[in-house]
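The values are calculated or read from the model by the stated rules, or taken from the named source; none is laboratory data. Predicted model only: the values in this text are computed from it and were never measured. FYI the Cβ positions are ideal-geometry reconstructions off the backbone, even for glycines, and counts take in every protein chain you see.
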Amino acid sequence: MPNMDLMGVREAARRLGVSYPTLKQWIYRGKVRTVKTVGGHHRIAQPEIDRLLFQDGRRAQAPRRNQPSALKSKPVSGTGLQEFISGRNQLVGRIVGLKTVGLLTKVSLDVGGQTVTAVITSDACRDLKLAVGETAAALIKATEVMIIRPNWKAP
């Protein structure tokens, strides 16, 4: 995980809309992937935050005062595809580019530092309310996977 994408537990909890103790419990139970600093402090990568937000069907936001913990609230209506589709073929990331030309929109998704691009209809883009900076997932459906490597000779 690149260091530039790592954040402290308090900041991650704020972005997820949960309390610091709740996030620490998730970490201790292995529900959240972290990296430990030399001093033993947990750091969480942005892709992990995106994964958690996508699973819960919420957008990143700071919790409001007097608002119950996001853990106790029900998922937003109309979300939760992860309950119906296997997780193996989903790449969760952040939308970094949207380019609409006529009837089509090119969506660029940053998935752990790699860019995945899809072309969808402009209507679908509007219906999904896609916006740069939002969390989304690319659903991969393929009948073939090919492996390539550069043409080089071993020493």
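One residue alone among Thr115, Thr100, Thr143, Thr105 is closer than 25 Å to Ile49 by Cα and either modelled with pLDDT under 85 or in a strand (DSSP E or B) (or both), and that residue is Thr115. Looking only at segment 118-138, residues that are under 16 Å from Leu91 (Cα atoms) and either surrounded by fewer than 12 Cβ atoms within 10 Å (Cβ to Cβ) or among the small types (Gly, Ala, Ser) (or both) come to 6 in all. Among the residues making up segment 16-46, those that are surrounded by fewer than 20 Cβ atoms within 10 Å (Cβ to Cβ) and closer than 15 Å to Asp5 by Cα are Arg33, Thr34, Val35, Lys36, Thr37, His42, Arg43. Counting the residues of segment 1-52 that are part of a helix (DSSP H, G or I), within 25 Å of Gln90 (Cβ to Cβ), among the charged types (D, E, K, R) and in contact with a helix residue (DSSP H, G or I) (Cβ under 7 Å, 6 or more places away or on another chain) gives 2.
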